[in-house]
Each structure stands twice: as C-alpha cells, then as structure tokens.
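Following: one structure in structure tokens, then a few remarks.
The values are calculated or read from the model by the stated rules, or taken from the named source; none is laboratory data. Worth saying up front: this structure is predicted, and the values here are computed from it rather than measured. A quick note on method: Cβ atoms are made from the backbone with ideal geometry, for glycine too, and the neighbour counts reach across all protein chains shown.
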Amino acid sequence: MLATLLLLAAAAALLVVGGLFVSGLVHHLRRARSEAARLRARRPLPLVVIARLEHGDDVFSVELEHAQKKRLPAFAPGQALTLLVPGTTLRRRYSLAAWEKRPRRYRLGIRREADGAASPRLYDHLQVGARIDALPPVGRFVLDPAHETLVLVGGGIGATPMLAMLDAVAARPGRRRVVFHHAARHPAELVDLDRLTALGARADWFDYRPIVSRPDANWRGAVGRLAAADLVAGLAEPACAHYYFCARETVMREWMDALAARGVPASHLHWESFGGAQNPDAAVYPVELDGVAREFAGEPSLLAAFEAWGVDLPAECRAGECGACRVRLVSGELADCQASHVTLPPGEFLACCKVPKSALVLARVP
Ligand SMILES: Cc1cc2nc3c(=O)[nH]c(=O)nc-3n(C[C@H](O)[C@H](O)[C@H](O)COP(=O)(O)OP(=O)(O)OC[C@H]3O[C@@H](n4cnc5c(N)ncnc54)[C@H](O)[C@@H]3O)c2cc1C
Ligand code: FES
C-alpha cells in the first residue's frame, strides 16, 4: 500500500516537473521566435529599381524588387519603407504607394525637397538598375478593414499612403464606399491622376475628387484650397465616416478641428505627418551634447541641427513616430516643433519633435 502511494507521489512529482519543463521550453521557444522575427524586421532588404516615372519637376515614382528576386515582406496599406540613403548615414521613410496582398514589388512616390539632405540624392540615385537597401515596412497609419465609409485626404505627396489604401479596397470593395480628396498645387503633382479619374468613372464604390491651387491652362477640374466643408459634401452621415489624412500638419489640424466641431468623433480621425517640423523662433541658443557645445540657430528641429552639425544620432522617420532619436535633457527648456506619437521615460525627448527655448545640456540615450 505504502509502496503504491510512494509510486503515485513520485509519478505526480514527475508530471509537475515535466509540465514545468515543457512550459519553460515553450516560453523559451516563443521568446526565441519573437526575437528572430524582431531581428528579421530590422534586417535591411537589398532592393533594385526596376521602373521609374517622372510626375512633374520634383516628384517621381519608382518600383523596386528584391535584388535576388526573393519574396518581399507583406505590409498593411498605409505603411512605409525606411530607405538607407546611399553614401550617407541618413535614413528616410517613404510610404508604399501601391498595395498587393503578396507583394512582388514595392512602389514609392518621392518628392525632391529643394534643400533636403536625402531626397535630392534619392532623385539622382534611384535610376533603373540602381541598388538600395531598405528596412522592411512599418507604421501605425494603416487602413482598418472594418471601416465602411472612407474619406481619404492626400495633400501633395501625402497622397502616397492613400494609393495603397485604395488598392486594398479595390481588391475587395464589399460594402465600402471611398471618397478620395487629392489636393496639390499643380496638376502635374497629382500622381496617378488619369488612372484614378478612370477608376472613378467605372467603379461605383469610388468617388475621385482632385483639386489644385495653381491650375495650368489645361486643367478642367476643381480649383482652390480644400476646405473642411468639401470633406463632408455628399456624405449621408458624415459622423459615421472614417477620415484618413496625410498632408501638412497645420492644415490637417484645421480640417480635423472643423470635422470635430461637426460632430465627427475623434476615433474616426486618422492621420499621418511626413514630418515637417516648424520652428518660428529664430533666436540662437547654445546646445551642449556629450560635452561638445554648438549654437542652435533657428533650425526646424534639434534633429535637423544635429544632422547639419554632422552629429550621428539615430533617426528613421523624423516625424515623432519611430522613437529612434531619443535624447536625455540634462538641463534647459524645450518647445514642441511637431507632435509625437511615442511615450518616453521621464527626462527623455525626441530630437525631431523639439527645439530649444533656452541654453541646453543634453546627453545621448545608450
Ligand atoms: C511615415 C512617413 C512616410 C513618408 N512618405 C513619404 C513619401 O511617400 N514621399 C515623400 O516624398 N516623402 C515622404 N516622407 C518624407 C521623407 O521621409 C523625407 O522627410 C523627405 O523626403 C524630406 O527629406 P530630405 O532629407 O530631402 O529633406 P530634409 O533635409 O529633411 O529637409 C526638409 C525641409 O526642411 C528644410 N531644412 C532641413 N534642414 C534645415 C535646416 N538646418 N535649416 C533650415 N531648413 C532646413 C529643408 O530646406 C527642406 O525644405 C515620409 C515621411 C514619413 C515619416
Ligand atoms: S526620428 Fe523617428 S521619432 Fe524622431
């Protein structure tokens, strides 16, 4: 009897130890798998340009495929690639401007900024046959498949994520209805104007509304600045629609405030900024980082100043999204130059979202 009890107790103990071992092993395997996925997501993809199209003076689009013809990572409509700008340590994000469930190629639309550090280099470099490395697609600004009435608003080059969202809806429109307000200064900047006009004419789920502020002699469409009243025009229930914006941050704020005043819930307003820090303060402030003192003189952000000084600070988005440009404030006062989406530990800030309001002493975050 005692022997049987001892045997049963030993078996139970074995079961408990075995269970603990298996659950520990499963936990360890899960962690290893998620760490491998994280590393994979950070590994640059070698890409090659297979097509290029000019859209007016400063805007061009390229199609890229894997340099070894391998499968490309899938992405959600609205996400962006991070290009490693050749010959520099700069990284810049570009929204994917077309969408497929299993992408064979990536499409980007890029605007060359006259005094930009990266886009003029990309404009020159990204010719057919050129190679470029990119971090796989990421981003929180993605189309929610549950949203039925969509109002997409793309200002200038901010139309790129909307083009991917449109592709995703076109693949399976279902009960969805899409209005796309495509605003630009010049007609030439309306990427895919002809294709979208044709789609608007043939698809009953799609209403295409381009508008330009500086028309040329051939332009027959709407002229002027897009107003909040235009965004709700023709909608049976504006408060039920979901609005996706990508344009200059100040203009988006105006539109969103006006829609909120018309009863559109904040949870229906989705937006992305391409960066574009604004600093109205032209005063000069001493800024010390890691014991080296320099003078900040009205640059758009502390990150822009670090880049101009040749200080190598990690940065991927320059729009308060990726959290890479964290810095620690040792002393001094800061002001906002653009909104941030990242929560940071006390004492840290994002260099792309702040400018000095006094002399600063800063330290790198290890
Ligand atoms: C999620 C995301 C998606 C994006 N998608 C796209 C896209 O699809 N297409 C696209 O074209 N862009 C996109 N962008 C923007 C892109 O990443 C770059 O920011 C853009 O190409 C400008 O980079 P740049 O280095 O050429 O210009 P920057 O060097 O950043 O300069 C931008 C402007 O700031 C001014 N400036 C810079 N430094 C100073 C200084 N020290 N003093 C005064 N002025 C200064 C420049 O004159 C210039 O006009 C996206 C950004 C994000 C975050
Ligand atoms: S560079 Fe991405 S948050 Fe500043």
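Consider only pairs whose beta carbons are under 7 Å apart and that are at least six residues apart or on different chains; among these, list those whose first residue lies in segment 308-332 and is within 23 Å of S95 (Cα to Cα) and in the same structural domain as G291 (by TED's automatic domain parsing) and whose second residue is crowded, with 16+ Cβ neighbours inside 10 Å and basic (K, R).
Pairs that qualify, where the first residue is within 23 Å of S95 (Cα to Cα) and in the same structural domain as G291 (by TED's automatic domain parsing) and the partner is crowded, with 16+ Cβ neighbours inside 10 Å and basic (K, R), are A315/R91; E316/R91; E316/R93; C317/R93.
Can you tell me which of (1) under 25 Å from I110 (Cα atoms); (2) more than 26 Å from the chain's Cα centre (by Cα) is the one H186 doesn't meet?
Only one criterion in (1) under 25 Å from I110 (Cα atoms); (2) more than 26 Å from the chain's Cα centre (by Cα) is unmet by H186, namely (2).
Exactly one of these conditions fails for V153: (1) under 23 Å from A233 (Cα atoms); (2) more than 20 Å from the chain's Cα centre (by Cα). Give me its number.
For V153, the exception is condition (2).
Go through segment 353-366 and report how many residues are more than 16 Å from ligand 1 (Cβ to nearest atom) and either in contact (Cβ under 8 Å) with a residue 24 or more places away in the chain or touching a Ser or Thr at 6+ places or on another chain (Cβ under 6 Å) (or both).
Step one: filter segment 353-366 for residues more than 16 Å from ligand 1 (Cβ to nearest atom), giving 357-366.
When the remaining residues are screened for being either in contact (Cβ under 8 Å) with a residue 24 or more places away in the chain or touching a Ser or Thr at 6+ places or on another chain (Cβ under 6 Å) (or both), the result is 357-365.
Of the residues in that region, 9 qualify.
For the structure I just gave you, tell me whether D124 is under 22 Å from E249 (Cβ atoms), over 20 Å from the mean Cα position of the chain (by Cα) and within 14 Å of ligand 1 (Cβ to nearest atom). Spell out how you get there, then give the answer.
Values: under 22 Å from E249 (Cβ atoms): no; over 20 Å from the mean Cα position of the chain (by Cα): yes; within 14 Å of ligand 1 (Cβ to nearest atom): yes.
No, not satisfied.
Of the residues in segment 342-352, how many are touching a residue at least 60 places away in the same chain (Cβ under 8 Å) and either more than 8 Å from ligand 2 (Cβ to nearest atom) or more than 14 Å from S273 (Cα to Cα) (or both)?
Narrowing segment 342-352 to residues touching a residue at least 60 places away in the same chain (Cβ under 8 Å): 352.
From what is left, the residues that are either more than 8 Å from ligand 2 (Cβ to nearest atom) or more than 14 Å from S273 (Cα to Cα) (or both) are none.
Qualifying residue count for the region: 0.
Would you pick out the residues in segment 197-248 that are away from ligand 1 (no atom under 16 Å from the Cβ) and of a type in the set (K, R)?
In the first step, residues of segment 197-248 are kept if they are away from ligand 1 (no atom under 16 Å from the Cβ); the result is 197-243.
R202, R209, R214, R220, R225 - these are the residues of segment 197-248 that are away from ligand 1 (no atom under 16 Å from the Cβ) and of a type in the set (K, R).
When segment 353-362 is examined, which residues are found to be more than 14 Å from ligand 2 (Cβ to nearest atom), of a type outside the set (D, E, K, R) and closer than 15 Å to N279 by Cα?
P356, S358
Could you run through segment 275-298 and say how many residues are surrounded by 19 or more Cβ atoms within 10 Å (Cβ to Cβ) and in a loop (DSSP other than H, G, I, E, B)?
Final tally of qualifying residues: 3.
With respect to N218, is the statement that it is surrounded by 14 or more Cβ atoms within 10 Å (Cβ to Cβ) and either in contact with a Ser or Thr (Cβ under 6 Å, 6 or more places away or on another chain) or part of a loop (DSSP other than H, G, I, E, B) (or both) true? Full working, then the answer.
Values: surrounded by 14 or more Cβ atoms within 10 Å (Cβ to Cβ): no; either in contact with a Ser or Thr (Cβ under 6 Å, 6 or more places away or on another chain) or part of a loop (DSSP other than H, G, I, E, B) (or both): yes.
No.
Listed residues P77, P86, P103, P73; which is surrounded by 10 or more Cβ atoms within 10 Å (Cβ to Cβ), under 30 Å from F306 (Cα atoms) and either at pLDDT 65 or above or in the same structural domain as A247 (by TED's automatic domain parsing) (or both)? Steps first, please.
Numbers: P77 fails: under 30 Å from F306 (Cα atoms); P103 fails: under 30 Å from F306 (Cα atoms); P73 fails: under 30 Å from F306 (Cα atoms).
After applying the criteria, what remains is P86.
What's the number of the condition M165 fails, among (1) farther than 24 Å from G56 by Cβ; (2) part of a helix (DSSP H, G or I); (3) touching a residue at least 40 places away in the same chain (Cβ under 8 Å)?
Exception for M165: condition (1).
Looking only at residues that are among the hydrophobic types (A, V, I, L, M, F, W, C) and near ligand 2 (Cβ under 10 Å from one of its atoms) in segment 303-318, which one is farthest from L289 (Cα to Cα)?
C317
So, in segment 221-237, of the ones that are outside any loop (DSSP other than H, G, I, E, B) and within 26 Å of the chain's Cα centre (by Cα), which residue ends up surrounded by the fewest Cβ atoms within 10 Å (Cβ to Cβ)? Steps first, please.
Step one: of segment 221-237, the residues outside any loop (DSSP other than H, G, I, E, B) are 222-223, 228-232.
When the remaining residues are screened for being within 26 Å of the chain's Cα centre (by Cα), the result is 228, 230-232.
Numbers: A228: 16, D230: 19, L231: 24, V232: 19.
Among those residues, the one meeting the criterion is A228.
Kindly evaluate S331 against the criterion of being surrounded by 15 or more Cβ atoms within 10 Å (Cβ to Cβ) and among the hydroxyl-bearing types (S, T, Y). Spell out how you get there, then give the answer.
Values: surrounded by 15 or more Cβ atoms within 10 Å (Cβ to Cβ): no; among the hydroxyl-bearing types (S, T, Y): yes.
When the stated conditions are applied, S331 does not pass them.
Identify, please: which residue in segment 76-119 is of a type in the set (V, I, T) and more than 12 Å from the chain's Cα centre (by Cα) and is, among those, farthest from ligand 2 (Cβ to nearest atom)? Quick ask: steps written out before the conclusion?
Restricting attention to segment 76-119, the residues satisfying the condition of being of a type in the set (V, I, T) are 82, 85, 88-89, 110.
Cutting the leftovers down to more than 12 Å from the chain's Cα centre (by Cα) gives us 85, 88-89, 110.
Values: V85: 14, T88: 15, T89: 13, I110: 18 Å.
Taking the candidates together, the pick is I110.
Among the listed residues G116, G156, identify the single one that is out of contact with any Leu (no Cβ under 7 Å at 6 or more places or on another chain), within 20 Å of P314 (Cβ to Cβ) and modelled with pLDDT under 95. Spell out how you get there, then give the answer.
Values: G156 fails: within 20 Å of P314 (Cβ to Cβ).
Criteria check complete, one pass: G116.
Report whether or not L303 is within 12 Å of ligand 1 (Cβ to nearest atom), not assigned by TED's automatic domain parsing to the domain that holds A117 and not in a loop (DSSP other than H, G, I, E, B).
Details: within 12 Å of ligand 1 (Cβ to nearest atom): yes; not assigned by TED's automatic domain parsing to the domain that holds A117: yes; not in a loop (DSSP other than H, G, I, E, B): yes.
The answer is yes for L303.
Considering only segment 260-302, how many residues are more than 19 Å from the chain's Cα centre (by Cα), in contact (Cβ under 8 Å) with a residue 12 or more places away in the chain and away from ligand 2 (no atom under 16 Å from the Cβ)?
The total comes to 17.
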